[in-house]
1. How many residues, within the stretch 2-21, are on the phi < 0 side of the Ramachandran plot, open to solvent by 40 Å² or more (accessible area, probe 1.4 Å) and in contact (Cβ under 8 Å) with a residue 24 or more places away in the chain?
2. Going through Glu171, Glu185 one at a time, which residue ends up being modelled with pLDDT under 95, touching a Leu at 6+ places or on another chain (Cβ under 8 Å) and open to solvent by 80 Å² or more (accessible area, probe 1.4 Å)?
3. Could you list, in sequence order, the residues of the stretch 24-40 that are touching a strand residue (DSSP E or B) at 6+ places or on another chain (Cβ under 9 Å) and surrounded by 13 or more Cβ atoms within 10 Å (Cβ to Cβ)?
4. Could you tell me whether the stretch 80-95 includes any residue that is on the phi > 0 side of the Ramachandran plot and at pLDDT 85 or above?
5. Can you go through Ile79, Ile64 and tell me which one is open to solvent by 80 Å² or more (accessible area, probe 1.4 Å) and touching a residue at least 12 places away in the same chain (Cβ under 8 Å)?
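The values are calculated or read from the model by the stated rules, or taken from the named source; none is laboratory data. All values derive from a computational prediction rather than experimental measurement. All Cβ positions, even for glycine, are placed from backbone atoms using ideal geometry, and neighbour counts span all protein chains on display. Surface areas here come from the heavy atoms of the whole protein model, side chains and all, with no ligands, DNA or RNA. Shrake-Rupley method; radii C 1.70, N 1.55, O 1.52, S 1.80 Å.
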Amino acid sequence: GQALGLIGPNGAGKSTSLKLLTRILKPTRGRAVVVGRAGALIEIAAGFHPDLTGRENVALQGAIMGLSQNDVRRRFDDIVAFAGLEGFIDTPVKRYSSGMNARLGFAIAAHLEPEVLLIDEVLAVGDYSFQQRCYERLRDFRAAGVPIAFVSHNMQAIATLCDRVVLLRPELPPLIGSVGSVLGEYVGANKVASDPRLRVSD
């Protein structure tokens with residue numbers, strides 16, 4: 001029931017970790033297990049069929065998550081309203097901007113009653129008001145005890161939302177611990193690091 005933040009420089013393996021958990025990738029060693037139905041927003045439009053409309057992609061994602069058509073229909077209006085795409089829901093998603101794709105993707109992941117939520121940095125493409133709605137929704141999930149794995153370069157969001165943090169570092173073992181201790185290590189290392197792999201990317 002915790003919210004786990006994943007941080008680190010670009011190329012450290014944050015998004016790859018989430019792809020392992022969603023079975024987009026298979027591990028070359030070990031295993032990655034998610035218990036329960038996962039709602040995932042890993043990449044903008046990941047899992048969307050570009051030639052299908054937003055409406056059709058909502059139905060497709062619901063089916064992938066194991067929900068019946070009636071379950072999806074019952075949540076459909078809330079999904080569209082949260083995404084703010086009422087005027088575009090019958091447009092093929094290949095015509096959507098990256099922000100529209102992210103809004104629809106998050107709305108689907110957040111409204112189909114996931115038992116586990118996996119979220120990548122893609123929230124950064126949304127406008128400010130949408131980002132605030134997303135973070136409020138994530139706080140609701142956290143309060144309800146839904147496990148969350150959250151990848152972000154936004155340290156304030158990590159500090160606000162997460163119970164524990166994993167710092168992934170190229171060629172070094174990961175650090176896992178409390179939010180304060182791991183963020184302190186990451187920020188401190190970036191202030192003095194001569195190794196560019198340990199610096200925060202823009």
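1. Selection size over the stretch 2-21: 5.
2. Numbers: Glu171 fails: touching a Leu at 6+ places or on another chain (Cβ under 8 Å).
When all the criteria are applied, what remains is Glu185.
3. Step one: of the stretch 24-40, the residues touching a strand residue (DSSP E or B) at 6+ places or on another chain (Cβ under 9 Å) are 24, 34-40.
Ile24, Val34, Arg37, Ala38, Gly39, Ala40, listed by residue number.
4. Filtering the stretch 80-95 down to residues on the phi > 0 side of the Ramachandran plot leaves 84.
Adding the requirement that they be at pLDDT 85 or above leaves 84.
Among the residues of the stretch 80-95, at least one is on the phi > 0 side of the Ramachandran plot and at pLDDT 85 or above, which makes the answer yes.
5. Ile64
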